[in-house]
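Student: Can you keep this structure in mind? I'll have questions shortly.
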Amino acid sequence: MRRFKVVITDSDYPSHEIEEEILSRVGADLVKFQCRTEDEVIECCSDADALLNQYAPITRKVIESLKRVRVIVRYGVGVDNVDVEAATERGIFVANVIYDITDVADHAVGLILSLVRKIPLANQNVKEGMWDWKGIQPISRLKGKTVGIIGFGRIGRKVAQRLRGFEVKLIAYDPYVPADLFAEHGVEKVDFETLIEEADIITIHTALTSETRHLIGERELRSMKRDAILINTSRGSVIDERALYKALKEGWISGAGLDVLEKEPPEKDNPLLKLDNVIVTPHMAWYSRESLDEIRRIAAEEVARVLSGQIPINLVNKDVLRRIGR
Ligand code: NAD
C-alpha cells in the first residue's frame with residue numbers, strides 16, 4: 001500500500017518527533033523543508049498528500065501546483081499566509097491550530113509592563129554601571145490608565161481578563177463581536193477613532209486581513225496621545241512600520257512593544273531596531289514549553305484525521321464541504 005507523504009513546508013521548531021509519531025499511525029512519512037519563497041514551496045510539495053505549514057507563503061500559484069494535497073494545516077491561529085479561497089476552489093481543507101493562547105496574552109501584558117515600567121532600559125543601565133533610577137525618568141503609574149484593545153477575539157479577551165487586576169480602564173474595538181461580550185468582560189465597546197484618541201496603551205489582537213493590513217498608519221499614529229504606547233503581538237502588517245518608525249522617532253507616541261514585524265526575520269538595518277523606545281521580541285508570544293508540544297500534536301492530529309477520511313476539527317474554509325459534497 002502506498003504510504004502518505006506529509007510535507008512540513010517550514011518550521012522553526014527544534015524537533016518533529018510528536019508529528020512523526022502521530023503520522024506514522026496512519027501510514028504517513030514526514031518530510032521536512034525550510035521553504036521561504038513561493039517557488040521553493042512549489043518545488044517541495046507537488047506530490048505531497050498534506051502540508052504542515054508555519055510561515056511559508058501558500059499562495060494561489062502554490063495551491064494550483066499541488067497535485068494530491070488534501071489538507072493544509074497551519075501551525076498556529078493566523079492563516080494570513082494561506083490563500084484560503086484558492087484552496088477552497090481546489091477542494092483542499094485548510095485547518096488552523098486553536099491552542100491555549102494564554103502565553104500570547106501574558107506576552108502582551110509583559111510588553112506593556114516592560115514599557116510602562118521601563119524594565120529593559122533600567123536593566124541595561126544597571127549592567128552598564130548606572131545604579132540610579134533617575135536616569136530612567138519619567139515613569140507614569142499604570143493604574144488609572146486607559147488600555148485600548150483592537151480585536152476582541154480569544155487573545156484580546158484573555159488580555160482584558162489579565163489586565164483587570166491592574167485597575168486600568170479597558171476599552172475595545174472589534175466590529176465583529178456582539179456588544180454583550182464586551183460588557184461580560186468588563187470592557188467598554190468603543191469605535192475605532194475613540195480607541196485611537198483615548199487610549200494610553202493600545203494592544204493589537206486582530207486577525208490580519210485585507211481590512212486590517214496597515215490598520216495603524218500615519219493618520220492613526222498622529223491621532224494617538226503623545227505619551228501613548230503601542231503593543232503588537234498579532235501580525236506585523238497590521239501596522240505600517242515606516243509610519244511607526246516616524247512616529248517613534250519624532251515623538252508622536254512614546255513607545256512600542258512588538259513581537260511581530262512586517263518582515264520576519266527583520267533586515268539587519270531595520271531602523272526600528274535602533275530606537276531606544278522600542279522593545280522587540282522574535283515572534284515568540286505563542287511559545288511556552290506547553291504550547292510547543294500542544295501545537296505540534298494538534299496540527300499532526302488534524303492531518304491524520306484527514307488522511308483517515310475525516311474532516312478537520314478546526315476547519316477554516318467551511319465552504320469547501322459544499323464544494324466536495326460532504
Ligand atoms: P481570534 O480569531 O480569536 O480573534 C481575532 C479578532 O479580530 C476577532 O474577534 C475578529 O472579529 C477581530 N477582527 C477582525 N477584523 C477586525 C477589524 N477590522 N477590526 C478589529 N477587529 C477585527 O484570533 P486570536 O486567537 O485572538 O488571534 C489574534 C491575532 O494574534 C491573530 O492575528 C493571530 O495570528 C495572532 N497570534 C500571534 C501569535 C504570536 O506568537 N505573536 C500567537 C497566536 C496568535
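Student: Taking K and R as +1 and D and E as -1, what net charge do the other residues with C-beta under 9 Å from the C-beta of Ala300 add up to?
Tutor: Taking every Cβ under 9 Å from that of Ala300, the sum is -3.
Student: Now for a different question. Can you list, bin by bin at 10 Å, the percent of alpha carbon pairs in the chain, starting at 0?
Tutor: 6, 24, 30, 22, 13, 4, 1, 0
Student: Moving on. Under the rule of -39500 (n - 2.57) per DSSP H run of 4 or more residues, summed and divided by the residues of the chain, what mean residue ellipticity at 222 nm is obtained, to the nearest 500 deg cm²/dmol?
Tutor: -10000 deg cm²/dmol
Student: Counting heavy atoms of the protein chains only and a 1.4 Å probe, report the per residue accessible area for the stretch 134-221 as a whole number of Å².
Tutor: Averaged over the residues of the stretch 134-221, the accessible area is 50 Å².
Student: Past 28 Å, Cα to Cα: identify those pairs from Lys145/Lys249; Lys61/Lys263; Lys32/Lys67; Lys67/Lys268; Lys127/Lys158, in the order given.
Tutor: As for pairs spanning more than 28 Å Cα to Cα, those are Lys67/Lys268; Lys127/Lys158.
Student: Name the residue, out of Val147, Val278, Val26, whose mean-square fluctuation peaks in a Gaussian network model built on the chain with Cα pairs under 10 Å.
Tutor: The residue with the greatest mean-square fluctuation here is Val26.
Student: What is the local net charge at Val6, summed over the other residues whose Cβ is closer than 15 Å to its Cβ (Lys, Arg +1; Asp, Glu -1)?
Tutor: +2
Student: Okay, moving on. Among the chymotrypsin sites (Phe, Trp or Tyr not before Pro) in the stretch 83-170, which ones are in a DSSP loop with at most 14 other Cβ atoms within 10 Å of the Cβ? Mind listing them?
Tutor: When the chymotrypsin sites (Phe, Trp or Tyr not before Pro) of the stretch 83-170 are filtered for loop state and at most 14 Cβ neighbours within 10 Å, Trp131 remain.
Student: Test of understanding: what is the full-extension gain from Lys246 to Asp191, defined as 0.36 nm times their sequence separation minus their Cα-Cα distance?
Tutor: Taking 0.36 nm per residue and subtracting the Cα distance, the gain is 17.3 nm.
Student: For Lys268 and Arg164 in the same chain, what is the full-extension length gain: residue separation times 0.36 nm, less their Cα-Cα distance, in nm?
Tutor: Result for the pair: 33.7 nm of gain on full extension.
Student: Hey, any idea what % of the chain's accessible area is carbon plus sulfur with a 1.4 Å probe?
Tutor: The value for the chain is 50 percent carbon and sulfur by accessible area.
Student: So what's the net charge close to Glu89: Lys and Arg +1, Asp and Glu -1, counting the other residues with Cβ under 11 Å from its Cβ?
Tutor: Its environment carries a net charge of -1.
Student: Ranked from highest to lowest mean number of other Cβ atoms within 10 Å per residue, what is the order of the peptides 184-196, 254-266, 43-55?
Tutor: Packing order, densest peptide first, comes out as 43-55, 254-266, 184-196.
Student: Trypsin sites (Lys or Arg not before Pro) within the stretch 12-86: which are DSSP loop residues with at most 13 other Cβ atoms inside 10 Å?
Tutor: Arg25, Arg36, Lys67, Arg68
The values are calculated or read from the model by the stated rules, or taken from the named source; none is laboratory data. Note that this is a predicted model, so its numbers are computed, not measured. Cβ coordinates were reconstructed from backbone atoms using ideal geometry, including for glycine residues, and neighbour counts include every protein chain displayed. Each accessible area value is taken on the protein alone, full model and side chains, heavy atoms only, with ligands, DNA and RNA left out. Shrake-Rupley method; radii C 1.70, N 1.55, O 1.52, S 1.80 Å.
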